[in-house]
Amino acid sequence: MTLPDIETLRLCSVLNALACGSIFLILWLCRRTEVHLAYWAASSFLYCATLVGFAWSGEAGLGGSSALFALLAISNLVPILGLRRFEGRPQFEAWMVLPVAFAVAGHLVTALLVDAGLLSARLREAGDALGLAGAMLTSGLVMLGGPARGQRIAGFAMLGYLPGFAIVMLTPIMGEYQAPIAMVPMLADMLLLPVLNVGLLAIPLDRAQESLRLAALRDPLTGAWNRAGLDEQKAFLWRPQAGAIAIDVDHFKTVNDRLGHAAGDAVLVEIAEAATRVCCAHGGALARVGGDEFVILLPSADDLRPAAATLMACLKPAQARSTWSLSLGLGTIKSGEADFLGALRRADAALYQAKASGRNRLAA
């Protein structure tokens, strides 16, 4: 089987990148607010322009070829800029100079040393590959470190170029420079460029899927966790010394009957907001488990009474404006228990004790 020449491979890469860039451009034109798509389109088009530049760089001189290597590194940075725009983070950071510096230095320093007779001419391509490998490694690790699945796919695709660069760097050790070896990175481009862009396309889908998952675990009125969300938080917050606070709104039916359900909803939201602040202060979680019933999980039982007292103090002004109050029950995890079940049962029992004792109080 005869391998295609490097010019044919470069043309294939150009067409590949043009197709990916056109997809991003069309998506952006349909959804102008999603500016990250424009960044990703620009990255593909910049890569195309750079490859065309390399095809015509014979007369460009050392300055022109160094500029092309800089643009090649920048084309791998632009997807990261688009990702940061998508996440609402600052666009530029100091580390972004490194990929460009690696790419330019690998080409420029090697070329100067070769021209000065200090290095063999066959090491020129190895120096170029070393600089590009450093640039790709930096960008790929940054992309790989993200939480989104699509982002990690894009990061793996960037790092997938490294073996091809390594082969080119090792070629002088193995013998004379061979044209098929020079084409290894270009052959990798055929596979990895579509994977990289598919990973980018998956990032917004991953975010939307995660948003839907979280929405399914939240109470739509108060924003607290629902019962399904509470189950997740139980596993996350369980400690041998953890505890729970059961909360019930006293005379809540009276609020709904006298003032209407909108007023009742406002009471629940106010309680949830105050309880969420308490949870954030103590590293806990709030869940709405019934119409006017809430549960707070805390990783330390020592925080139960301070958290409950803070919550009741925060809500006293609101209670004074209406007829409702709070009853709270405290329960802790006992020795030998491996979940929150016992603590929640004891918190519920204490809650009923508080209500039987006259409401508007806490019991443990």
Open item on the list: Looking at the range 77-86, can you tell me whether even one residue there is among the aliphatic types (A, V, I, L, M), farther than 21 Å from ALA133 by Cα and out of contact with any Cys (no Cβ under 8 Å at 6 or more places or on another chain)?
Closed with: yes
Open item on the list: Which residue is farthest from VAL142 (Cα to Cα), if the candidates are limited to the range 193-243 and must be in contact with a strand residue (DSSP E or B) (Cβ under 8 Å, 6 or more places away or on another chain) and of a type in the set (Asp, Glu)?
Closed with: ASP219
- [ ] Filter the range 353-364 down to residues that are loosely packed, with under 15 Cβ neighbours inside 10 Å and not in a loop (DSSP other than H, G, I, E, B), then give me how many there are.
- [x] 1
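Conditions tested, residue by residue: (1) assigned to a helix (DSSP H, G or I); (2) more than 31 Å from the chain's Cα centre (by Cα); (3) buried (at least 20 other Cβ atoms within 10 Å of the Cβ).
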{"residue": "ILE245", "(1), (2), (3)": "no, yes, yes"}
{"residue": "LYS253", "(1), (2), (3)": "yes, yes, no"}
{"residue": "ALA262", "(1), (2), (3)": "yes, yes, no"}
{"residue": "ALA281", "(1), (2), (3)": "yes, no, no"}
- [ ] Run THR323 past the list (1) under 21 Å from VAL289 (Cβ atoms); (2) touching a His at 6+ places or on another chain (Cβ under 6 Å); (3) of a type in the set (S, T, N, Q) and report the number of the one that doesn't hold.
- [x] (1)
Open item on the list: Being of a type in the set (A, V, I, L, M, F, W, C), touching a Gly at 6+ places or on another chain (Cβ under 6 Å) and assigned by TED's automatic domain parsing to the domain that holds ALA67 is true for just one of TRP28, TRP40. Which residue is that?
Closed with: TRP40
TODO: Can you tell me which residue among GLY146, GLY199, GLY155 is within 14 Å of the chain's Cα centre (by Cα), modelled with pLDDT under 85 and within 21 Å of PRO99 (Cβ to Cβ)?
DONE: GLY146
Open item on the list: For the list (1) in a helix (DSSP H, G or I); (2) within 29 Å of the chain's Cα centre (by Cα); (3) of a type outside the set (Asp, Glu), I need the number of the one condition that LEU297 fails.
Closed with: (1)
Open item on the list: Please determine whether any residue of the range 15-37 is under 17 Å from LEU193 (Cα atoms) and either over 30 Å from the mean Cα position of the chain (by Cα) or of a type in the set (Lys, Arg) (or both).
Closed with: yes
TODO: Scan the range 155-170 for residues that are closer than 20 Å to SER43 by Cα and not aliphatic (A, V, I, L, M) and jot them down.
DONE: GLY155, PHE156, GLY160, TYR161
Task: GLY117 at positive phi and more than 27 Å from the chain's Cα centre (by Cα) - done: yes
- [ ] For VAL109, indicate whether it is surrounded by fewer than 16 Cβ atoms within 10 Å (Cβ to Cβ) and assigned to a helix (DSSP H, G or I).
- [x] yes
Task: Hits in the range 270-284 - residues which are among the aliphatic types (A, V, I, L, M) and touching a Gly at 6+ places or on another chain (Cβ under 8 Å) - done: ALA272, VAL278
TODO: Give the residue, chosen from ARG84, ARG89, that is in a helix (DSSP H, G or I) and not hydrophobic (A, V, I, L, M, F, W, C).
DONE: ARG84
TODO: Tell me which residues, restricted to the range 302-348, are at pLDDT 85 or above, outside any strand (DSSP E or B), surrounded by 15 or more Cβ atoms within 10 Å (Cβ to Cβ) and of a type in the set (Gly, Ala, Ser).
DONE: ALA307, ALA308, GLY342, ALA343, ALA347
Open item on the list: If the requirement is being surrounded by 17 or more Cβ atoms within 10 Å (Cβ to Cβ) and either touching a residue at least 24 places away in the same chain (Cβ under 8 Å) or within 26 Å of the chain's Cα centre (by Cα) (or both), which of these qualifies: ALA166, ALA94, ALA126?
Closed with: ALA126
Open item on the list: Condition first: surrounded by fewer than 13 Cβ atoms within 10 Å (Cβ to Cβ), of a type outside the set (Ser, Thr, Tyr) and within 22 Å of the chain's Cα centre (by Cα). Now tell me which residues in the range 202-232 satisfy that.
Closed with: LEU205, ALA208, LEU212, ARG213, LEU214, ALA215, ALA216
Open item on the list: So for the range 183-194 (the condition being outside the structural domain of TYR352 (by TED's automatic domain parsing), modelled with pLDDT under 90 and of a type outside the set (A, V, I, L, M, F, W, C)), does at least one residue qualify?
Closed with: yes
Task: Residues satisfying the stated conditions in the range 112-139, i.e. at pLDDT 90 or above and touching a Lys or Arg at 6+ places or on another chain (Cβ under 8 Å) - done: none
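The values are calculated or read from the model by the stated rules, or taken from the named source; none is laboratory data. None of the values given here were measured: they were computed from a predicted structure. Here Cβ is always computed from backbone atoms with ideal geometry, including for glycine, and neighbour counts include all displayed protein chains.
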